[in-house]
Amino acid sequence: MGKPGGARRLTRIFTLTAAVAGLALSSAVAAPAGTAEGAIPGVDEIVHSPNLRQLANLPHQAPFTSPVGTDIAFTKDHAIVGNYDGFVIYDIKNPARPKIVSQVLCPGGQNDVSVSGDLLFLSTDSSRSDSSCNSVAQPASIKESWEGIKVFNIKDLAHPKYVAAVETDCGSHTHTLVPDNKSRDLYLYVSSYAPAANLPDCLPPHDKISIVKVPVDHPEQSAVVAKPLLFPDGGNPGGPNPDGTNRSATTGCHDLTSYPQKDVMAGACMGDGMLWDIKDRLNPRVLDRVQDTNFAFWHSATFNNAGTKVIFTDELGGGGMATCLAKFGSTRGADGIYDIKGRGDKRKLEFKSYFKIPRLQAENENCVAHNGSLIPTLFGDYMVQSWYQGGVSVWDFTDSAHPKEIAFWERGPLEATGNKTGGTWSAYYYNGYIYSSDIVKGFDVLELRDWRTATAKLNHYNQFNPQTQPHYGLF
């Protein structure tokens, strides 16, 4: 993040203070706009708290009208949104009027994305006939099938160029970018799972991640350079829950979040929550591992800016189930908040509380904790997060033991009686606005106006990958 000069900094602070005074009267959480308090909104009806409003929606455009919209990465005035069939680059210079710059058809779900300079990385976790963008689906039981990382050059955002492909064991469900601490090179920590005896490139045991090295000056030479073993005991064996759901067994990791400045990483690894030291980039060391019988599937993680807390999400039902119902309570399909206690190699994860959106959803709305990011405020810990058809939630975890929602925005069910999967996949704060990738509805832009988060307007990124957390602050 750039560091503004002192005079400019003070001007911005005084301007912001005046704005905060104006927001104070309007930012308290009140009854939702658009429907009676506590009622399930109608099909496609938008409801929201007074302090969070929609600025824009850009629906999916052909050829991406059927596939699923997934994760988001940001570079300067652009958002790059993954899609099961490729990716879309949006111009967000005017957040109220986003425009499509280019669409790249390159099938291979999930196509989660990250960006660094002129390089864009995609995760492919669906077995393909080859690594090209013309590939077709092919069973993973065929040795020649391909899954892994794709690398694009996006110097010309209107005409991205495919420059490299790296096959990884069990594919790449997600990946996390980590800059080398000794050179300009990059590392991609690849998460994958679900091995089987009949999958030649995904054989059990799969108690590891793959690390891909990307030479920035020669990305075509990208290759797997390490496969660290992180679950020597096999990880959590999983098991059934009384309500008929299951706790996942650990056969790899689903998602990793790095905090490079502090040389730490949080691993959401199916049946386990992990804290790693990554000072030695090729040899991550496990500092602590936690399990929770309320967690069905450890899905993703977020640090606070101080690096003293980690939020883990539980994707109960895999994202396709209605878990925001009374029968699941407030501790299932929720976030788990952990404080990091101790120093150095003695750092441990200490559970503090759960957070789940307080609004019940319809029985035909898939809803569970999903992807989000910090809101870079100067004071307190705030996060914006996707909950599929539960919408976008902004919540305060400054007090780890007593988290609370401060804003929300959501659509009603996609159908009156059907069970169509949809909702927001990822919601991230970037340079003053919240951007959401909706599985069905496309690209949403929201504006949060709340005195508690107003100082986030002081922060500006040139690039942002939510799973590679930057440190922020005025100094």
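The values are calculated or read from the model by the stated rules, or taken from the named source; none is laboratory data. Just so we're clear, the structure is a prediction, and the values are computed from it rather than from any experiment. Every residue, glycine among them, receives a Cβ derived from its backbone with ideal geometry; neighbour counts consider all protein chains shown.
Can you pull out the residues in the stretch 256-269 that are assigned to a strand (DSSP E or B) and in contact with a His (Cβ under 6 Å, 6 or more places away or on another chain)? Outline the logic, then answer.
The initial filter retains those residues of the stretch 256-269 that are assigned to a strand (DSSP E or B), namely 256-259, 264-269.
Passing the criteria: only Ala268.
Results for (1) farther than 29 Å from Asn459 by Cα; (2) of a type in the set (Gly, Ala, Ser); (3) crowded, with 20+ Cβ neighbours inside 10 Å; (4) touching a Gly at 6+ places or on another chain (Cβ under 9 Å), shown as yes or no for each residue.
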residue: Ile357; (1), (2), (3), (4): no, no, yes, yes
residue: Leu360; (1), (2), (3), (4): yes, no, no, yes
residue: Leu374; (1), (2), (3), (4): no, no, yes, no
residue: Leu378; (1), (2), (3), (4): no, no, no, yes
residue: Met383; (1), (2), (3), (4): no, no, yes, yes
residue: Glu405; (1), (2), (3), (4): no, no, no, no
residue: Gly423; (1), (2), (3), (4): no, yes, yes, yes
residue: Ser437; (1), (2), (3), (4): no, yes, yes, yes
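If you take the residues in the stretch 262-287 that are of a type in the set (Asp, Glu) and surrounded by fewer than 19 Cβ atoms within 10 Å (Cβ to Cβ), which one is nearest to His471 (Cα to Cα)? Quick ask: steps written out before the conclusion?
So the first thing to find is which residues in the stretch 262-287 are of a type in the set (Asp, Glu), and the list is 263, 272, 277, 280.
Pick out the ones that are also surrounded by fewer than 19 Cβ atoms within 10 Å (Cβ to Cβ) and you get 263, 277, 280.
Numbers: Asp263: 12, Asp277: 17, Asp280: 19 Å.
Once the filter is applied, the top-ranked residue is Asp263.
Considering each of Ser192, Ser222 in turn, give the residue that is in contact (Cβ under 8 Å) with a residue 60 or more places away in the chain and touching a Cys at 6+ places or on another chain (Cβ under 8 Å).
Values: Ser222 fails: touching a Cys at 6+ places or on another chain (Cβ under 8 Å).
Within the list Ser192, Ser222, the selection yields Ser192.
Is at least one residue of the stretch 27-45 assigned to a loop (DSSP other than H, G, I, E, B), modelled with pLDDT of 95 or more and among the β-branched types (Val, Ile, Thr)?
First, pick out the residues of the stretch 27-45 that are assigned to a loop (DSSP other than H, G, I, E, B): 27-32, 34-45.
This time we only want the ones that are modelled with pLDDT of 95 or more, so: 41-45.
Imposing the further condition that a residue be among the β-branched types (Val, Ile, Thr) reduces the set to 43.
Looking through the stretch 27-45, at least one residue is assigned to a loop (DSSP other than H, G, I, E, B), modelled with pLDDT of 95 or more and among the β-branched types (Val, Ile, Thr).
Give me a count of the residues in the stretch 187-233 that are in a loop (DSSP other than H, G, I, E, B), of a type outside the set (Ser, Thr, Tyr) and in contact with a Lys or Arg (Cβ under 8 Å, 6 or more places away or on another chain). Break it down into steps so the answer makes sense when it comes.
Residues of the stretch 187-233 in a loop (DSSP other than H, G, I, E, B): 192-207, 209, 215-218, 222, 227-228, 230-233.
Filter once more, keeping what is of a type outside the set (Ser, Thr, Tyr): 194-207, 209, 215-218, 227-228, 230-233.
If we keep only those that are in contact with a Lys or Arg (Cβ under 8 Å, 6 or more places away or on another chain) too, we end up with 200-201, 209, 216-217, 227-228, 230-231.
The total comes to 9.
For every residue, the table says whether it meets (1) modelled with pLDDT of 95 or more; (2) over 15 Å from Asp180 (Cβ atoms).
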{"residue": "Val216", "(1), (2)": "yes, no"}
{"residue": "Pro219", "(1), (2)": "yes, no"}
{"residue": "Leu229", "(1), (2)": "yes, yes"}
{"residue": "Pro240", "(1), (2)": "no, yes"}
{"residue": "Ala249", "(1), (2)": "yes, yes"}
{"residue": "Gly252", "(1), (2)": "yes, yes"}
{"residue": "Leu256", "(1), (2)": "yes, yes"}
{"residue": "Gln261", "(1), (2)": "yes, no"}
{"residue": "Val264", "(1), (2)": "yes, yes"}
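Among the residues of the stretch 63-77, which ones are at pLDDT 95 or above, over 19 Å from Ser191 (Cα atoms) and crowded, with 19+ Cβ neighbours inside 10 Å? Give the steps one after another, and end with the answer.
Within the stretch 63-77, the first condition is being at pLDDT 95 or above, and the residues that meet it are 70-77.
Next, from what is left, pick out any that are over 19 Å from Ser191 (Cα atoms): 74-77.
Within the stretch 63-77, Phe74, Thr75 qualify.
So for the stretch 137-148 (the condition being touching a Cys at 6+ places or on another chain (Cβ under 9 Å) and at pLDDT 95 or above), does at least one residue qualify? Please lay out each step first, then the result.
Start the filter on the stretch 137-148 by keeping residues that are touching a Cys at 6+ places or on another chain (Cβ under 9 Å), which leaves 140, 147.
Within this subset, residues satisfying the condition of being at pLDDT 95 or above are 140, 147.
Yes, because at least one residue in the stretch 137-148 is touching a Cys at 6+ places or on another chain (Cβ under 9 Å) and at pLDDT 95 or above.
Looking at (1) under 18 Å from Asp277 (Cα atoms); (2) in contact with a strand residue (DSSP E or B) (Cβ under 8 Å, 6 or more places away or on another chain), find the lone condition where Gln261 falls short.
(2)
Looking only at the stretch 303-350, count every residue that is small (Gly, Ala, Ser), buried (at least 19 other Cβ atoms within 10 Å of the Cβ) and part of a loop (DSSP other than H, G, I, E, B) and tell me the total.
Residues flagged as small (Gly, Ala, Ser), buried (at least 19 other Cβ atoms within 10 Å of the Cβ) and part of a loop (DSSP other than H, G, I, E, B) within the stretch 303-350 amount to 2.
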